[in-house]
Amino acid sequence: MANNRREEWVRQLRRMADPVLEALRQRVLKQAMPVESAALRSDCTHMEAFGRLLCGIAPWLELGPDGSDEGALRRRYAELTLEAVAAAVDPASPDYLWAPPDEPKPNLQLLVDTAFFAHALVRAPRRLIGGMTPELRKLTADLLIRSRVITPGPNNWLLFSAMVEAALRKMGFPADSTRMAYALRQHDQWFKGDGVYGDGRNFAFDYYNSFVIQPMMLDVVETIAGDAEEWELLRSRVLRRMRRYAAIQERLIAPDGSFPAVGRSIAYRCGAFQALAAIALRRELPEELHPSAVREALSAVVARTLDAPGTRDENGWLRIGLCGHQPGLGEVYISTGSLYLASTAFLPLGLPESDEFWSAPAEPWSSVKIWSGCDLPADHAVQDL
């Protein structure tokens with residue numbers, strides 16, 4: 001069962017990735033990708049698909065090739081991804097994904113998805129950054145640097161600017177440490193308790209702690225943790241809080257793989273559990289969560305959100321919805337490209353097949369146990385974080 005689960009995850013990830021990466025390889029993404037949205041998004045939706053997909057697939061690529069069939073697949077997809085990157089960052093490419101050089105006011109959304117692309121680079125430094133030619137590395141840095149013209153708002157957007165700088169630093173280019181420091185300090189101030197942050201000063205009952213805040217905070221602070229004691233101490237706090245949030249996320253997954261459809265951006269589907277997936281990838285799950293139980297829980301969410309009829313069009317592109325095609329669930333900023341944040345549910349594919357997450361026999365997750373009548377310890381808030 002465990003190995004079958006991994007094969008199913010790889011199949012699902014490839015099914016999601018193939019339309020995007022193949023179109024970019026051929027430099028026809030802007031022609032081939034349909035754009036479903038409630039507002040005009042054609043100047044940013046392709047960057048969304050690219051950056052968000054790479055953010056989720058990166059750990060799998062980073063695992064690298066080996067003698068297995070899957071290892072050969074990882075080699076092929078790493079090469080395909082680098083071809084896609086080359087098409088996306090070359091100003092002479094018809095699929096150049098930043099605004100035209102003469103555009104004085106680029107769409108603000110481009111900062112968001114440049115940051116997801118940057119997060120992919122941070123997650124796969126050997127296979128993505130290390131696989132680039134010097135020319136490709138320079139073009140990639142140039143695109144990242146262009147995002148500095150966009151001023152982020154006083155909310156989770158601060159982390160988008162910070163993540164871009166973290167990637168530049170990882171690539172060996174000059175980075176603005178002030179942007180990273182400001183984003184981290186502000187979010188530390190916005191911590192609300194029991195493992196969750198406000199999105200800015202206010203708390204919102206949605207999944208943005210998972211979509212953006214906690215995964216980006218941890219990877220940004222780890223990038224600069226060696227610079228000063230302040231960042232090493234913050235790294236410990238951020239990790240403790242994220243582990244608590246992961247425990248909450250695991251309890252949100254119902255026995256049938258559904259979860260509360262609350263808050264904005266619910267059309268990102270299984271990407272709502274990026275934080276839980278990221279903690280599993282790090283082997284930092286709370287003690288009460290068995291890795292194979294988390295595997296089964298995430299598998300149920302993936303199946304529930306990606307296998308429903310109507311999820312994809314006839315050419316395999318994702319469509320707006322949570323369980324099938326539900327365009328009413330898409331806010332005005334949601335478009336076809338936005339949906340590829342669902343890829344971040346697959347982060348644990350960056351663990352080798354021999355890891356306990358994949359090799360251990362299936363265990364039921366918390367809600368399966370509770371709703372089948374098993375006795376479990378009660379869940380309580382943790383405030384000293």
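Values as computed for the structure displayed
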| read-out | value |
| --- | --- |
| Among (1) surrounded by 24 or more Cβ atoms within 10 Å (Cβ to Cβ); (2) modelled with pLDDT under 95, the one test that Val332 misses | (1) |
| Members of segment 176-212 found to be surrounded by fewer than 18 Cβ atoms within 10 Å (Cβ to Cβ) and among the charged types (D, E, K, R), listed by number | Asp176, Arg185, Asp188, Lys192, Asp194, Arg201, Asp206 |
| In segment 109-148, residue farthest from Asp43 (Cα to Cα) [restricted to those that are outside any helix (DSSP H, G or I) and free of Cβ contacts under 8 Å to residues at least 24 places away in the same chain] | Gly130 |
| Test: residue in segment 313-332 that is under 23 Å from Val10 (Cβ atoms) and among the aromatic types (Phe, Trp, Tyr) | yes |
| Pair list, Cβ under 9 Å, 6 or more apart: segment 297-326 residue on the phi > 0 side of the Ramachandran plot, other residue part of a helix (DSSP H, G or I) and surrounded by fewer than 16 Cβ atoms within 10 Å (Cβ to Cβ) | Gly316/Arg15; Gly316/Asp18; Gly321/Pro327; Gly321/Gly328 |
| Single unsatisfied condition, Leu351 versus (1) surrounded by fewer than 16 Cβ atoms within 10 Å (Cβ to Cβ); (2) modelled with pLDDT of 95 or more | (1) |
| Flag if Gly310 is modelled with pLDDT of 95 or more, part of a loop (DSSP other than H, G, I, E, B) and in contact with an Asp or Glu (Cβ under 9 Å, 6 or more places away or on another chain) | no |
| Counted residues, segment 20-48 - those being touching a His at 6+ places or on another chain (Cβ under 8 Å) and assigned to a loop (DSSP other than H, G, I, E, B) | 1 |
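The values are calculated or read from the model by the stated rules, or taken from the named source; none is laboratory data. The structure presented is a predicted model; accordingly, all values stated were derived computationally and were not measured. Cβ coordinates were reconstructed from backbone atoms using ideal geometry, including for glycine residues, and neighbour counts include every protein chain displayed.
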